[in-house]
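Notes follow the structure.
Every read-out reported here was derived from the displayed coordinates using simple, explicitly stated rules and does not represent laboratory data. In this text, all values refer to a predicted model and were calculated from it rather than measured experimentally. Methodologically, a virtual Cβ is constructed for each residue, glycine included, from the backbone with ideal geometry; neighbour enumeration extends over all protein chains shown.
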Number of protein chains: 2
Amino acid sequence: MDRIKTMKAAARPIRRATLHHSAVEELRAMILDGELPPGSRVPEVQLCEQLGISRTPLREALRVLSSEGLVELRPHRGAVVAPVDANEIGAIFEVMDALERLAGTLACRNGSDAEFAKLDRMHGQLVTQHEAGERAAYFLTNRQIHAQIVAMARNPALEATYAGFAAKILRARSLANYDTGRWQESVDEHEGFMKAFRRRDAEEAGALLADHSRRTAVAVIQALRQPAEPEEGTAAGTEPANAG
Amino acid sequence: MDRIKTMKAAARPIRRATLHHSAVEELRAMILDGELPPGSRVPEVQLCEQLGISRTPLREALRVLSSEGLVELRPHRGAVVAPVDANEIGAIFEVMDALERLAGTLACRNGSDAEFAKLDRMHGQLVTQHEAGERAAYFLTNRQIHAQIVAMARNPALEATYAGFAAKILRARSLANYDTGRWQESVDEHEGFMKAFRRRDAEEAGALLADHSRRTAVAVIQALRQPAEPEEGTAAGTEPANAG
DNA sequence: GATTATAATATTGTATACAATTTGGCACGA
DNA sequence: TCGTGCCAAATTGTATACAATATTATAATC
């Protein structure tokens, strides 16, 4: 959440090391990777020795993650990784649609030509990866494209809010393990809003991005409501292989 | 930020008391009331004895407020109350416009007749308070109306995000001490979107709310860029008297 | 006199010890 | 057999003590 702010500070001296800050990033990664599954309890002492730190910075990290909505704190009863609820994800997507639209509109207004050129290159890469069937790479490029669009909006508040919701949605995606039917459709939608971007059509780009988000929401929530298929590989650390 | 979540939990036993949680609310109120002015340093020990708690819960509270963007943490250099930057407020309002639009649209779709009736009563109260020149009361009712609209949207994610931004905007408002020319205009805009609400016209209501937010943004930012007039009363605890 | 190096002070970051609350089990009784 | 009350263990919440870093003051040098 405060990653934006630190990036904005141009001269970050040498290191940015406080244990609780590292703990936040570490725990957030563990939650997003599914290493700490939703609903699982988070015993403090166990995590402490696992991370090699004391309880004090760990607890500070848990408070931050609670504020981000990734864990829930129950007084005197410990912390649990926030469960992924289909209704909540639906609500998040409703807001996300509006944010995507705003990002698209502002990106047209504020993005530089160099950035639009870069966006075009990324889109080309996306198409290539789709044709080659490289799902993991496609998925990563997809996220980078959307992040690039948000960055082009030149709005730190939007960027931070977007990042928070994107994280929760990412978690839902990797859980739902959805994708198959949606891949081709998603690429087509990307093609659509890229055309609008090339014309710098702010309204159209925003509308298409919002629509893209809405359709993604339908697919994710549908997959989320169905029993998740058992994964083949190891549970922790598997690359999410779903299409945006 | 997590107020929503706790409200969602139907049966909250009896008390909800942890010192760090109380400290968060206390500090947040102090910041929003201007008791801790933007840019001021936040020495831990001093606040500890002021709140009658130890450093541990206070520090946890500071981490949460940092995650909310109300304070900035500089490693080994202490915490400062986040300064109110006109550019940042402008960015926040850009997002707020989109959220207001979304709230208006969803409220039309999901609000109950009883809620719309209540909204109507609140609006009547607003008009009365405007005519009577009761600024502080008007300002409170104004906030309650917008909160009511957001609540009618039935979207916890929207509600939480909205609350976070509203807090920062509130802080900017009380600092800028703007209002005079905008009061009548604001009431007229309220009248406008209330008409749309009575027709349950989701698109129109959302559009008018977004426009209302945008116009408020212009007034606030303009006031923020001008040197704030010296206040008459005491600096801390004065009721903000600006119009929405 | 200005500037830089150095040391003293103060403040923050972390670890550990203690207090409070919840949870699970067990005995007791209906 | 089920329910209630109580006790013990475990875990969380808080306070304090210690370590590390930054800030300020002082002094030495140019």
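At-a-glance table
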{"item": "Angstrom value of the Kirkwood radius, inverse mean 1/r, which spans all Cα pairs in region B:81-155", "result": "13.8"}
{"item": "Shortest-first nm distances, residue B:77 label point to equivalent points in other copies (7 Å, Cα→Cβ)", "result": "4.2"}
{"item": "Length-normalised contact order of region A:86-225 in % [C-alpha pairs under 8 Å, at least 6 apart]", "result": "45"}
{"item": "Paired Rg and Dmax values of region A:86-225, which use every Cα atom, in angstrom", "result": "14.1, 42"}
{"item": "7 Å along Cα→Cβ, label-point gaps from residue B:50 to other copies, nm, shortest first", "result": "3.8"}
{"item": "Amide H contacts of residue B:82 (H built 1.01 Å from N, under 5 Å, at least 5 apart or other chain)", "result": "B:39, B:71, B:72"}
{"item": "5 Å-binned pair-distance histogram of region B:21-95 (Cα, whole percent)", "result": "3, 15, 27, 27, 15, 6, 4, 1"}
{"item": "For residue B:147, label point 7 Å along C-beta direction: distances to other copies, nm", "result": "3.7"}
{"item": "Anisotropy class of region B:119-167 from Cα gyration tensor, a/c 1.5 cut", "result": "oblate"}
